[in-house]
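Novice: Structure in structure tokens, see below.
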């Protein structure tokens, strides 16, 4: 089964990694949480995906800002400062002697419940914090000459339903979109906002290039993507016209190039959307340029031997 932009190469070292669970470092097979955990019962929690490069987590401050903002919005006390949590992340990667080519999943749930019930009043004790570091690189087949997208009927909702800016454990709308895309035989779902404009993909952010301009959605109905924001920053720093705006599928089908962004795979070209071939047919000149700039940004943030 294709995993699209998240296809990765298996690495046998992952069988022996130590995983952080509430302060303890445990072998993979022993890294478990209770069936009474809020994350298991209700998907009540927030998370981040991180990349370790040259011994440093790329753009960690931005990721932690988003994590703590999400936790505050659902009144979840993480129980430690961002600096303390960063130290625990590095304690975990250090114990595994990891340097580069590592993906880290950081998860924080509301913790144990006395009984399965949605109210936080049923919670006992503090949060559950898990750090899963894995040797994980995109597979050579991931994306290839570009991924294929399909516009699904599942929409990105308004913030008064479930705020799409909240990176919560509850991802059923994105999972439903992902399933529909897989049933259509493509790599990723393209999702619209409640007004019918393009919003985002089910697990990445979406960009198009038209006549030398880079467009992405208004951002009102998608997660505040770290890679998305860095690409927009790179455009503005390098004189590339970039716009966050509403646009329709008609404008998507007529684009010169298209690509998606995410922490795991960086920038990945899109070659087909809803059966329409994008003009560039894969990695176009703008996508290639931005990919090179983004790699340079990561190297600047995580220089060899630069420490953390």
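The values are calculated or read from the model by the stated rules, or taken from the named source; none is laboratory data. If you're wondering where the values come from, they're calculated on a predicted model, not measured in any experiment. No Cβ is skipped: glycine too gets one built from the backbone with ideal geometry, and neighbour counts run over all protein chains shown.
Novice: Of all helices (runs of 4 or more DSSP H) completely enclosed by segment 221-308, which ones contain at least 1 residues that are assigned by TED's automatic domain parsing to the domain that holds residue 192 and within 27 Å of residue 90 (Cβ to Cβ)?
Specialist: It comes to 226-237, 285-301.
Novice: Taking the criterion of being surrounded by 16 or more Cβ atoms within 10 Å (Cβ to Cβ), assigned to a strand (DSSP E or B) and assigned by TED's automatic domain parsing to the domain that holds residue 234, would at least one residue in segment 179-186 satisfy it?
Specialist: no
Condition check ((1) touching a strand residue (DSSP E or B) at 6+ places or on another chain (Cβ under 6 Å); (2) touching a residue at least 40 places away in the same chain (Cβ under 8 Å)) across all residues:
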residue	(1), (2)
230	no, yes
251	no, yes
273	yes, yes
285	no, no
293	no, yes
296	no, no
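Novice: Only one of (1) over 23 Å from residue 67 (Cα atoms); (2) at pLDDT below 95; (3) surrounded by fewer than 16 Cβ atoms within 10 Å (Cβ to Cβ); (4) in contact with a strand residue (DSSP E or B) (Cβ under 9 Å, 6 or more places away or on another chain) fails for residue 305. Which number is that?
Specialist: The one condition residue 305 does not meet is (4).
Novice: Within segment 45-69, work out how many residues are within 17 Å of residue 227 (Cβ to Cβ) and in contact with a strand residue (DSSP E or B) (Cβ under 9 Å, 6 or more places away or on another chain).
Specialist: Residues meeting the conditions: 15.
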